[in-house]
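**Q** Just dropping this structure here.
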Amino acid sequence: MKRKMTIFLIIIFIFASVFNYGYSSNLTDNKKRLEDLSIQKQQTQKKLSENYQKQQSVKKELLDIDKQLSETQKELIENQRKLYSIEQKISETQKELDIAQKRYDSRKSLYKERIRAIYMSGDAGYIEVLLGSKNFIDFISRLDNIKKLMAFDIRILNEIKNTKNLIAKKEEVLKEEKNNLQYVTAQVEERKKRIQVAMVSRSGVLRDLERQQKKYEEDLEDLETASKQVMDIIRAQIGSTNTNNSNVKYANGKLVWPVPGYYSISSPFGYKIHPVYKTKKLHTGIDIPAPYGTIGVAAGDGTVIYTGWISGYGNSVIIDHGGGISTLYAHNSSILVSKGKSVKKGEPVVKLGSTGLVTGVNLHFEVRINGTPVDPEPYVR
């Protein structure tokens with residue numbers, strides 16, 4: 001009977017050992033899976049951050065391109081106005097040139113008729129005019145008139161010819177201006193086409209980045225869902241009592257404000273549009289703006305259980321206060337404590353910065369109950 005009891009106890013021990021081994025193995029595998037999911041989440045968040053920075057860069061390029069396009073369009077409009085003005089002047093100058101040419105041709109024709117008449121009548125024509133004088137004074141007068149008539153014709157012809165030459169030169173200058181302006185306009189038009197091509201190209205890049213961002217966000221959602229599921233499994237395996245086994249107790253049931261001297265909140269706890277991803281997300285803490293390098297303090301007595309980089313959060317510190325309560329301090333420029341250190345309420349733990357996905361210098365402060373984020377304000381106000 002005693003031997004049978006011994007064998008029975010041995011069997012129970014072996015069964016218990018196997019069960020515990022399987023349980024332990026299961027728990028280890030799930031913790032490993034949780035770590036892997038965390039790494040994947042960090043990598044995806046990093047890709048999201050890089051994608052966002054690329055989008056901002058491309059958007060800036062598009063703004064610059066749009067500005068160039070606008071300036072080029074203005075330049076083209078101004079050149080078209082100048083071209084129109086020059087063409088109007090050329091048209092007016094051509095009319096002046098045509099009038100001058102007609103006057104010149106008319107005067108030249110009259111002069112030729114007189115020369116031809118003189119030529120046909122020979123020198124006798126002048127002699128007859130002169131001999132027909134009634135007296136010497138009349139002779140001198142007739143000779144002077146003949147000279148004046150010839151001199152007048154020659155002077156008028158020269159004046160019209162000079163006017164015609166001046167108008168022709170003016171037209172030549174205007175045409176040269178027009179040619180130069182047409183050349184410059186063609187260059188501006190070509191530049192406009194290149195800018196338009198660049199805009200289409202960068203717009204395509206931006207669309208690709210936006211599509212990629214959507215995929216990353218979907219991947220991140222899937223990873224977060226998987227991570228929560230694994231966390232639930234782990235909690236079920238280890239039991240909720242293990243969460244409360246910290247040696248440090250939650251002091252007096254109240255935490256202190258984590259950024260002494262700076263009490264405004266730029267972004268409260270709750271659902272909001274993410275400042276980077278532009279999607280509706282739960283903002284799991286409060287953002288407290290303050291100058292770069294401002295000291296952030298421990299909200300209560302506790303033990304530092306994490307220090308380091310968390311994707312999206314940047315340089316971060318997590319403190320366990322016991323009773324299932326923990327606090328998180330994110331986006332810091334530097335960390336003043338190390339993992340495992342015991343800290344007192346009000347003790348400096350970080351210096352504020354803008355690391356991670358953040359739009360300015362602030363402390364992102366969270367309070368979590370058994371890992372679940374809750375509104376921090378009732379705990380610190």
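Bear in mind that the values in this text are calculations on the coordinates, not laboratory data. Given the structure is predicted, the values throughout are model-derived calculations rather than measurements. Using ideal geometry, Cβ is built from the backbone for each residue, glycine included, and neighbour counts are taken over all protein chains shown.
**Q** Could you pull out every residue, at least 5 positions away or on a different chain, whose amide H is within less than 5 Å of the one on ILE305? Hs are placed 1.01 Å off N in the peptide plane, and Pro or chain starts have none.
**A** ILE318, ILE319, ASP320, GLY340
**Q** Based on the Cβ-Cβ distance of GLN212 and LYS341, what FRET efficiency does E = 1/(1 + (r/R0)^6) give at R0 = 45 Å, to the nearest 0.05?
**A** On the way: r = 41 Å, r/R0 = 0.90.
Working from the Cβ atoms, E equals 0.65.
**Q** Using the structure shown, list the pairs from LYS60/LYS214; LYS67/LYS89; LYS74/LYS214; LYS46/LYS272; LYS108/LYS169 with a Cα-Cα distance above 31 Å, or answer none.
**A** On the way: LYS60/LYS214 20 Å; LYS67/LYS89 33 Å; LYS74/LYS214 38 Å; LYS46/LYS272 21 Å; LYS108/LYS169 21 Å.
The pairs that break the limit, which is 31 Å between Cα atoms, are LYS67/LYS89; LYS74/LYS214.
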